[in-house]
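Reviewing the structure listed below.
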Amino acid sequence: MKDKAWPRILPFALFMAVIGLEEGLRFMDGKSWIPIQDSTFAMLYPLRPLVAVIALILCRRAYTELRWSDLTRSSHTLVSITLGLAVFTLWINMDWTIGALSEPPGFNPGIFPDPGLRRVMTTIRIGSAVLIVPIMEEIFWRSFILRYVINPEFSKVPLGTFTWISFLVGAVLFGLAHHFILAGIMAGMAYSWLLYRTRSLAQCVLAHAVTNLALAAFVLNTEKWWFW
């Protein structure tokens with residue numbers, strides 16, 4: 001089990017480790033132990049997608065359940081795109097504040113005075129949210145966690161197997177991994193439903209990427225940075 005689990009855990013774990021580093025630095029800054037500027041925190045962000053993408057590339061042969069050819073099924077792909085947009089619409093229009101851990105710091109590229117650096121950092125942010133995070137998170141949550149809850153020897157569980165316990169546990173844990181907990185639970189339920197319907201992890205990645213792309217466009221247009 002361990003040999004099959006760690007390639008699905010490692011990218012997510014490394015990504016979260018960088019977030020933990022950032023939170024630790026924020027704590028020390030708040031205590032006035034180490035003065036750190038907001039731009040310094042933002043400069044740390046590229047480390048998240050960097051460590052995740054390196055792990056994904058090194059472990060790519062393990063992800064046999066991720067079949068990009070599934071995206072050629074136009075009926076499923078249309079459902080995935082529609083679902084991704086629906087999750088985005090709910091995320092920005094419903095009041096999820098009662099389920100928020102704290103006000104998220106967000107990402108405001110305006111903290112970089114140099115236009116070139118601002119464009120680079122914005123591009124990295126969008127690229128990470130659309131190209132890396134959906135793959136990393138869907139491999140961890142929908143492929144690994146949903147099946148692991150059913151059976152620790154998760155590889156013996158067919159992808160897309162439904163049980164109420166795994167569905168609810170997976171959604172709650174997915175929500176707890178986000179600042180807006182209830183919004184995260186909603187998104188986790190939606191992407192899991194898509195997996196049950198299509199039996200395709202690639203379709204879940206697509207839906208997740210559509211949500212994140214729409215959210216990035218919305219944030220850049222409205223400057224509501226807390227959504228980012």
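Collect the residues in segment 150-170 that are within 19 Å of residue 186 (Cβ to Cβ) and open to solvent by less than 50 Å² (accessible area, probe 1.4 Å), keeping them in residue-number order.
166, 167, 170
Residue 187: farther than 22 Å from residue 82 by Cα and among the aliphatic types (A, V, I, L, M), yes or no?
Values: farther than 22 Å from residue 82 by Cα: no; among the aliphatic types (A, V, I, L, M): yes.
Answer is no for this residue.
Check residue 48 against each of (1) closer than 22 Å to residue 122 by Cβ; (2) open to solvent by 70 Å² or more (accessible area, probe 1.4 Å); (3) of a type in the set (Lys, Arg) and name the one condition it does not meet.
Only one criterion in (1) closer than 22 Å to residue 122 by Cβ; (2) open to solvent by 70 Å² or more (accessible area, probe 1.4 Å); (3) of a type in the set (Lys, Arg) is unmet by residue 48, namely (2).
Could you tell me whether residue 52 is touching a residue at least 60 places away in the same chain (Cβ under 8 Å), among the small types (Gly, Ala, Ser) and under 20 Å from residue 131 (Cβ atoms)?
Criteria met by residue 52.
Which of the numbered conditions does residue 35 fail, given that it passes all the others? Conditions: (1) in a helix (DSSP H, G or I); (2) touching a helix residue (DSSP H, G or I) at 6+ places or on another chain (Cβ under 9 Å); (3) more than 18 Å from residue 128 (Cβ to Cβ).
Every listed condition holds for residue 35 apart from (1).
When you scan segment 121-204 for helices (runs of 4 or more DSSP H) that lie fully inside it, which ones turn up with 1 or more residues that are of a type in the set (S, T, N, Q) and free of Cβ contacts under 8 Å to residues at least 60 places away in the same chain?
Fully inside segment 121-204 and qualifying: 164-176, 181-198.
Suppose we keep only residues that are part of a helix (DSSP H, G or I) and in contact with a helix residue (DSSP H, G or I) (Cβ under 8 Å, 6 or more places away or on another chain) within segment 59-68. Which one would you say is farthest from residue 200 (Cα to Cα)?
Filtering first and then ranking leaves 62.
The values are calculated or read from the model by the stated rules, or taken from the named source; none is laboratory data. All figures in this text were calculated on a predicted structure; none of them were measured in a lab. All Cβ positions, glycine included, derive from the backbone under ideal geometry; neighbour counts span all protein chains shown. These accessible areas exclude ligands, DNA and RNA; they are computed on the full protein's heavy atoms, side chains included. Shrake-Rupley method; radii C 1.70, N 1.55, O 1.52, S 1.80 Å.
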